[in-house]
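Please read the structure below before turning to the comments.
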Amino acid sequence: MRVEDSRGEEVSGQQGASGIEYTGSEGLRVIKSLYLEDLFVDKEWRGTGIGSALIGAAADHTISHSLDRLEWVVLDFNKPSIKFYESLGAKPMDCQLLRISLSG
């Protein structure tokens with residue numbers, strides 16, 4: 001995949017995202033999703049359009065593979081990222097999650 005900054009220059013050698021394609025459910029409805037496991041842009045690249053390009057590439061994959069949605073998690077105190085995602089049209093999902101772990 002070619003990723004360009006806002007000037008149209010190719011950026012290479014930087015991993016900026018990884019995702020998992022999965023099928024889940026909401027009640028009785030099957031949902032096919034692309035879940036972004038990690039999404040990040042190093043500080044020196046922020047403001048160059050890389051984040052928009054990464055989300056755009058993930059959205060293109062979601063559409064081209066006939067998936068129902070693209071989703072990811074952001075910490076509630078990460079206000080700059082939330083503002084960025086909202087500027088792209090992303091909306092919080094209504095869900096109640098409880099973090100659970102089991103350790104030996």
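Here are the numbers:
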{"quantity": "For segment 45-61, Karplus couplings with θ = phi - 60° (6.51, -1.76, 1.60), whole Hz, Gly/Pro x", "calculated": "9, 5, x, 9, x, 5, x, 4, 5, 5, 5, x, 5, 5, 5, 4, 4"}
{"quantity": "Rounded accessible area of S101 (nearest 10 Å², 1.4 Å probe)", "calculated": "110 Å²"}
{"quantity": "Cβ crowding within 10 Å averaged over residues, with 87-93, 41-47, 66-72 ranked highest first", "calculated": "66-72, 41-47, 87-93"}
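The values are calculated or read from the model by the stated rules, or taken from the named source; none is laboratory data. Keep in mind it's a predicted model, so treat the numbers as computed, not measured. All Cβ positions, glycine included, derive from the backbone under ideal geometry; neighbour counts span all protein chains shown. Note: areas computed on protein heavy atoms with side chains; ligands, DNA, RNA excluded. Shrake-Rupley method; radii C 1.70, N 1.55, O 1.52, S 1.80 Å.
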